[in-house]
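The values are calculated or read from the model by the stated rules, or taken from the named source; none is laboratory data. Values in this document were obtained by computation on a predicted structure and should not be read as measured data. Neighbour counts are summed over all protein chains in view; Cβ atoms, including those assigned to glycine, are modelled from backbone coordinates with ideal geometry.
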Ligand code: DMJ
């Protein structure tokens, strides 16, 4: 693409500017801007020329009319009184006429001077080199971007902030527990300080190579995932300098206008969840503003024939697509089904129902679909609205969908009965088809594949112990005791998966097959990447039962992490939990700071820190306050329909 030929103003034709290939939107934008800039320049010189020339025309009726027009503006006459039919038309008499001529002359001179100045400026511009013009365009662009940024960072409309109970404190009375809590805080400091030193601004840290790290879920841009994910943990631990440091980075650097393809789910749970939690805890507007800016960038992912979002979206172009490995081009249940909490909060905080409608649409669609054996398959095609492979799991691919049904109900102050019903129905089907007892008496959650049960449980599925306990109160047919017990059984099984290893850390996935119980068989399943799910379950069980075994198990895990995962540059995952000499994977995952250390800290804190009747934790452990939705008009919400 070339710029159009320009008017021969000074006898010279401006050569077309070559501003790069047209195929990139970024370059296209540059080209458009430069075209506009040059054309505007020519146009303004031309208009000034015409305007000035007008004054030098011989006297004519047009000239007279123009004089009158000038009088209208410049020389209001005392005779123009109340009774004047048209107070805008003024009469000219004696001395006024002289004054008028002088004024006219002054104006002509001014216009002539302006005209000459504009022509000079235009000539000046045209004498400039391509580079100089480019630099000027760039300066203009920066100015516009800066203005837009200021506009974008404008505060959002104020809304009543829910009751924020227990955002600090929780100091345990028992000195032993206090020491343990202090130790967890020290681990957080170690993880954060090393990230601060070696990985600042990168998404994650390589604690051994001592440099930044990232994966494709965060796209190609440095979005400081660890900073955003860690903020609320820093806050509740009272690490306020570190929190402020993170806040400053977010204010100055966190930019979502990047040509980067990110996972909608991951960015939602870690970034939007993290920013919202930081906002509620600290009250700092910037977190809310950034959360909303990011959410707007995710919205194009919902532009599919069904409204089921793509797994990935390019933050700049808005183009979405699904993972290549997903069955039949499907979206993933645990991904599109884990947006509800954050999106309801976004609508609450902005007063814009767009977010709420997106997630309610997903819910409605799921409600209408047939479910094989009452189970939700993990794959759903966003083009056809049909299920992909019949694979159901409470671990990876399915997990947080169930979690969010329960938490939607809790977050609505238990008024979203539709969500509770979906949760109850789903859990009943899961219990019937997926939950079994091993020969050795361990309760586990298997995976359902095309009518066949795989006796394998992932580390991710261990979160379900906490979920069952959390959902016990309010369960159907008064089965609270049953679900609390089921939660405790899952906690026991997952503890066994830790206890049966050399490092006392759990494998990624473990089997129940003949003599094999809660042990990984394949080499590829023996790693531990600092995941939180088992500790998360210990914490929920602790809160609901105060059985000391959960603190004991949590402490065992903390010691094992300290012993085998701590390196001088932070914390690292390990490749084989059955080998007594650990090999590190050299990644400090952002969820280690967001979840693992937070749940450990809460496990050794009093229940008054983030009490569960006021706070609901998103799937990345970011606490969001309960919303009293019965008092809020969110159209379509069962609470207000
Ligand atoms: C976290 O990002 C979230 O808990 C998510 O729901 C699944 N698992 C990882 C950590 O294991």
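Tally up the residues in region 377-408 that are more than 26 Å from the chain's Cα centre (by Cα) and either surrounded by fewer than 23 Cβ atoms within 10 Å (Cβ to Cβ) or within 16 Å of the ligand (Cβ to nearest atom) (or both), please.
Qualifying residue count for the region: 7.
Take the residues of region 590-614 that are in contact with a strand residue (DSSP E or B) (Cβ under 7 Å, 6 or more places away or on another chain) and within 13 Å of the ligand (Cβ to nearest atom): which is farthest from residue 566 (Cα to Cα)? Break it down into steps so the answer makes sense when it comes.
Residues of region 590-614 in contact with a strand residue (DSSP E or B) (Cβ under 7 Å, 6 or more places away or on another chain): 590, 592, 610, 614.
Next cut, within 13 Å of the ligand (Cβ to nearest atom) only: 590, 592.
Values: 590: 15, 592: 12 Å.
Looking at the filtered set, the residue picked out is 590.
Is it the case that region 460-478 has a residue that's more than 20 Å from residue 405 (Cα to Cα) and at pLDDT 95 or above?
no
Filtering region 411-420 down to residues that are farther than 20 Å from residue 485 by Cα and part of a helix (DSSP H, G or I), which residue is farthest from the ligand (Cβ to nearest atom)?
Checked region 411-420; the qualifying residue farthest from the ligand (Cβ to nearest atom) is 417.
Return the only residue of 617, 571 being farther than 21 Å from residue 463 by Cα, within 16 Å of the ligand (Cβ to nearest atom), modelled with pLDDT of 95 or more and crowded, with 19+ Cβ neighbours inside 10 Å.
Criteria check complete, one pass: 571.
Return yes when residue 429 is closer than 13 Å to residue 393 by Cα, in contact (Cβ under 8 Å) with a residue 24 or more places away in the chain and in contact with a strand residue (DSSP E or B) (Cβ under 8 Å, 6 or more places away or on another chain) and no when it is not.
For residue 429, the condition - closer than 13 Å to residue 393 by Cα, in contact (Cβ under 8 Å) with a residue 24 or more places away in the chain and in contact with a strand residue (DSSP E or B) (Cβ under 8 Å, 6 or more places away or on another chain) - is not met.
Among the strands (runs of 3 or more DSSP E) confined wholly to region 435-553, which include 2 or more residues that are more than 16 Å from the ligand (Cβ to nearest atom) and either crowded, with 16+ Cβ neighbours inside 10 Å or in contact (Cβ under 8 Å) with a residue 40 or more places away in the chain (or both)?
435-437, 443-445, 447-449, 509-513, 516-519
Residue check: is residue 351 out of contact with any strand residue (DSSP E or B) (no Cβ under 8 Å at 6 or more places or on another chain) and more than 16 Å from the ligand (Cβ to nearest atom)?
So residue 351 fits the description; yes.
Has region 358-371 got any residue that is under 18 Å from the mean Cα position of the chain (by Cα) and more than 16 Å from the ligand (Cβ to nearest atom)?
Yes - at least one qualifying residue is present in region 358-371.
Any residue at all in region 255-265 that is within 16 Å of the ligand (Cβ to nearest atom) and in a helix (DSSP H, G or I)?
Yes, region 255-265 contains at least one residue that is within 16 Å of the ligand (Cβ to nearest atom) and in a helix (DSSP H, G or I).
What about residue 423, is it away from the ligand (no atom under 14 Å from the Cβ), over 21 Å from residue 542 (Cα atoms) and in contact with a helix residue (DSSP H, G or I) (Cβ under 7 Å, 6 or more places away or on another chain)?
The answer is yes for residue 423.
Spot the failing condition for residue 586; the list is (1) farther than 21 Å from residue 168 by Cα; (2) away from the ligand (no atom under 16 Å from the Cβ); (3) part of a helix (DSSP H, G or I), and only one is missed.
Evaluating residue 586 over (1) farther than 21 Å from residue 168 by Cα; (2) away from the ligand (no atom under 16 Å from the Cβ); (3) part of a helix (DSSP H, G or I) leaves (3) as the failure.
Tell me which residues, restricted to region 554-568, are in a helix (DSSP H, G or I), within 19 Å of residue 181 (Cα to Cα) and more than 15 Å from the ligand (Cβ to nearest atom).
554, 555, 556, 558, 559, 560, 562, 563
Can you say whether residue 234 is part of a strand (DSSP E or B) and buried (at least 20 other Cβ atoms within 10 Å of the Cβ), as far as the supplied structure shows?
Criteria not met by residue 234.
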